[in-house]
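Below: one structure, written as structure tokens.
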Amino acid sequence: MSRDSIWTVETAADVLLEAEATRTDRHPITDDWAALDLETAYQVQDRLIARKLALGEKLVGVKLGLTSRAKQQRMGISSPLTAWLTDGMVLAAGAPVPTHELIHPRVEPEIVFVLGEKLEGPGVTAASAMAAVRSVYAGVEVIDSRYTDFRFTLPDVVADNASSARFVRGEIERHPADLDLALETCVLSVNGVVVDTATGAAVQGHPAEALALAANALAARSLALEAGWIVLTGGMTDAVCVEPGQQIVAEFTNLGAITIAGA
């Protein structure tokens with residue numbers, strides 16, 4: 001019997017949920033299940049989230065991963081991946097990152113949208129995507145791959161809900177018409193030392209492009225972005241590790257600053 005034959009969508013979801021619950025990283029699923037493809041990986045992702053919802057979490061939005069062109073080239077893809085956000089992933093502004101609940105957390109700054117109306121593909125453009133946005137915020141995502149050393153293939157990371165763990169939304173709300181998001185700058189510092197800078201252009205050229213891609217990708221699965229949902233548009237900089245006692249600040253030009261501390 002081949003190793004592939006023991007794997008199913010349910011089995012993969014079980015393995016990933018157990019790794020998360022026990023804070024135990026593991027080798028990529030594709031090391032054992034070579035036949036895991038992108039379509040099946042999204043089925044695993046959906047099943048994983050369904051299990052969380054069955055336990056009482058609520059769906060609050062979506063996130064995009066691999067939005068930078070450099071990361072896409074490294075993974076051999078031409079567009080970002082999508083994943084789900086639940087209220088169990090929300091971290092209040094100012095609250096410390098609970099590193100004791102995670103495996104090897106990293107953080108990255110993001111531009112965050114809140115939708116004012118449903119956004120449904122196909123055929124969504126950056127302009128029509130932005131027309132559906134009610135408000136814009138600064139954000140920081142805490143990612144935490146269930147795979148050792150963040151080593152994975154594209155199907156692995158999709159199945160793992162794109163390494164989702166926690167996210168913080170800033171407290172300053174802006175209307176999208178008041179901002180030039182391609183030029184919105186973020187300065188990322190760790191313990192007072194600047195480690196990276198980026199603008200919104202790092203996200204598909206403009207975060208609206210990422211939003212449109214998300215809507216169109218979900219449409220291919222007969223899904224849509226709902227009014228009121230939060231959308232994390234993708235990391236602007238490379239992710240940095242967060243450890244107990246560490247202070248990380250993401251300071252945006254017009255969206256304020258978010259301070260993250262490891263605890």
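Things to note:
- Residue match in segment 224-244 (condition: of a type in the set (S, T, N, Q), under 12 Å from Asn191 (Cα atoms) and modelled with pLDDT under 95): no
- Residue satisfying condition, being within 17 Å of Lys63 (Cβ to Cβ), modelled with pLDDT under 95 and of a type outside the set (Lys, Arg), within set Leu154, Leu211: Leu154
- Checking each residue in segment 78-100 for being polar (S, T, N, Q) and farther than 16 Å from Asp46 by Cα picks out Ser78, Ser79, Thr99.
- Identity of the residue in segment 38-57, under 20 Å from the mean Cα position of the chain (by Cα) and either outside any helix (DSSP H, G or I) or small (Gly, Ala, Ser) (or both), that ends up nearest to Ser145 (Cα to Cα): Ala41
- Annotation note: of Ala159, Ala177, the sole residue that is among the small types (Gly, Ala, Ser) and either modelled with pLDDT under 95 or within 17 Å of Phe113 (Cβ to Cβ) (or both) is Ala177.
- Counted residues, segment 203-244 - those being in contact with a strand residue (DSSP E or B) (Cβ under 6 Å, 6 or more places away or on another chain) and of a type in the set (S, T, N, Q): 2
- Test: residue in segment 139-151 that is over 23 Å from Ala95 (Cα atoms), surrounded by fewer than 18 Cβ atoms within 10 Å (Cβ to Cβ), touching a strand residue (DSSP E or B) at 6+ places or on another chain (Cβ under 9 Å) and not aromatic (Phe, Trp, Tyr): yes
- Only a single criterion out of (1) under 20 Å from Val60 (Cα atoms); (2) crowded, with 18+ Cβ neighbours inside 10 Å is not satisfied by Lys118, namely (2).
- Test: residue in segment 224-231 that is under 18 Å from Glu117 (Cβ atoms), free of Cβ contacts under 8 Å to residues at least 12 places away in the same chain and in a loop (DSSP other than H, G, I, E, B): no
- Within segment 1-54, tally of residues that are in contact with a helix residue (DSSP H, G or I) (Cβ under 8 Å, 6 or more places away or on another chain) and of a type in the set (Val, Ile, Thr): 8
The values are calculated or read from the model by the stated rules, or taken from the named source; none is laboratory data. Since we're looking at a predicted model, the values are computed, not measured. Cβ coordinates were reconstructed from backbone atoms using ideal geometry, including for glycine residues, and neighbour counts include every protein chain displayed.
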